[in-house]
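A quick write-up on the structure given underneath.
The values are calculated or read from the model by the stated rules, or taken from the named source; none is laboratory data. Because the structure is predicted, anything quoted here is derived from the model rather than measured. Every residue, glycine as well, gets a Cβ built from its backbone with ideal geometry; the counts of neighbours run over all protein chains shown. SASA here: full protein model, heavy atoms, side chains in, ligands and nucleic acids out. Shrake-Rupley method; radii C 1.70, N 1.55, O 1.52, S 1.80 Å.
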Amino acid sequence: MKQAPSEAALPRGFQFAATACGLKKTGALDLAILSSDVSASAAAVFTQNLVVAAPVLLSKKHLELSGGRMRAVVVNAGNANCATGAQGAAASLRTVEEAARHLRAQPEEVFVCSTGVIGVPLPVEKILRALPSLTRNRRPSARSF
């Protein structure tokens, strides 16, 4: 495991959590959240690739709709949710809506990122089952980061 940053290096007003929700066969951490206590300024750099995954499209839309504001980023590893069509778009949207509900945030202030296997449908139910605990266990600590 890499060395955690010092408490002083973390941005104030942000909380973090990670868990293993079952996307990775190894049982490693595969779902994380970074959240702000209040609406925060956001900026992003998106892929220039011609193939664009559902989370990228949704996060790009949310950055525009929110006027460059964010409350949270939900990140999963093990499945890129790329080349998955309407099912992938629906999985990203469900993740955003559920995270926003638990954080009492506006959905357009929640961004999603996915990395991993391409072309395999995202088992979004695993993420949705883990989100209540993930949001409850957020902490403003280096260990949580």
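Things to note:
- Here the Karplus curve 6.51 cos²θ - 1.76 cosθ + 1.60, taken at θ = phi - 60°, turns the phi angles of segment 44-50 into couplings of 8, 10, 10, 4, 9, 4, 6 Hz, with x standing for Gly and Pro.
- Between segment 1-38 and segment 59-134, the C-alpha centres lie 16 angstrom from each other.
- Taking trypsin sites (Lys or Arg not before Pro) as exposed when their DSSP state is a loop state and no more than 15 other Cβ atoms lie within 10 Å, the longest site-free interval of the chain runs over 26-103.
- Estimated inter-spin distance, ALA8 and ALA40, nm [label 7 Å along Cα→Cβ]: 2.0
- If you bin all the Cα-Cα distances of the chain at 10 Å, starting from zero, the percentages per bin are 12, 43, 37, 8, 0.
- Nitroxide proxy distance, nm - points 7 Å out along Cα→Cβ at LYS24 and THR115: 1.0
- Here the extension length gained between ARG136 and LEU57 equals 25.7 nm, from 0.36 nm per residue of separation less the Cα-Cα distance.
- Model label points for ARG104 and ALA89, set 7 angstrom from Cα along the Cα-to-Cβ axis, are 3.3 nm apart.
- Couplings 3J(HN,Hα) of segment 135-145, computed from phi: 5, 5, 8, 5, 9, x, 10, 5, 4, 5, 5 Hz, in residue order, whole Hz [Karplus 6.51 cos²θ - 1.76 cosθ + 1.60, θ = phi - 60°; x for Gly and Pro].
- On segment 14-137, 57 percent of the accessible area sits on carbon and sulfur atoms, based on a 1.4 Å probe.
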